Amino acid sequence: MPKSRIRKKSDYTPPPTATAVKLSSGRSWIAPLMLALFLVGLVWIVVYYVSSSSWPIQGIGNWNIVIGFAFIAGGFGVSTQWK
């Protein structure tokens, strides 16, 4: 029976080290927008209570609270896109 030839394996060469990897996803606007929506909602509600219902919009009454919470909910909605 013939013998098989011995194959020489090449020496191990480690893969080249990667230089700086850019981790930015291009969504740098999300965190400021999220914080802005939170703050606008909070300020809206605080101004409504402090001004005894005469500010920000007097004619809609307690709907001012709903508008403030809508801004805050919008901030939570935007926060789902943050990486």
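Which ones in region 51-66 are open to solvent by less than 50 Å² (accessible area, probe 1.4 Å) and either part of a helix (DSSP H, G or I) or in contact with an Asp or Glu (Cβ under 9 Å, 6 or more places away or on another chain) (or both)?
64, 65
Quick test for you: out of 12, 48, pick the one residue that is at pLDDT below 95, among the aromatic types (Phe, Trp, Tyr) and open to solvent by 100 Å² or more (accessible area, probe 1.4 Å).
Numbers: 48 fails: open to solvent by 100 Å² or more (accessible area, probe 1.4 Å).
Being at pLDDT below 95, among the aromatic types (Phe, Trp, Tyr) and open to solvent by 100 Å² or more (accessible area, probe 1.4 Å) holds for just one of 12, 48, which is 12.
Within region 29-44, can you find the residues that are assigned to a helix (DSSP H, G or I) and either under 9 Å from residue 71 (Cβ atoms) or open to solvent by 40 Å² or more (accessible area, probe 1.4 Å) (or both)? I'd like the intermediate steps shown before the answer.
If we filter region 29-44 for residues that are assigned to a helix (DSSP H, G or I), which is where we start, we get 30-44.
Selection gives 32, 33, 35, 36, 37, 38, 39, 40, 41, 42, 43, 44.
The values are calculated or read from the model by the stated rules, or taken from the named source; none is laboratory data. Everything quoted here is computed from the prediction, not taken from an experiment. Positions of Cβ are backbone-derived with ideal geometry, glycine not excepted, and every protein chain shown enters the neighbour counts. Keep in mind that these areas ignore ligands, DNA and RNA; they rest on the heavy atoms of the full protein, side chains included. Shrake-Rupley method; radii C 1.70, N 1.55, O 1.52, S 1.80 Å.
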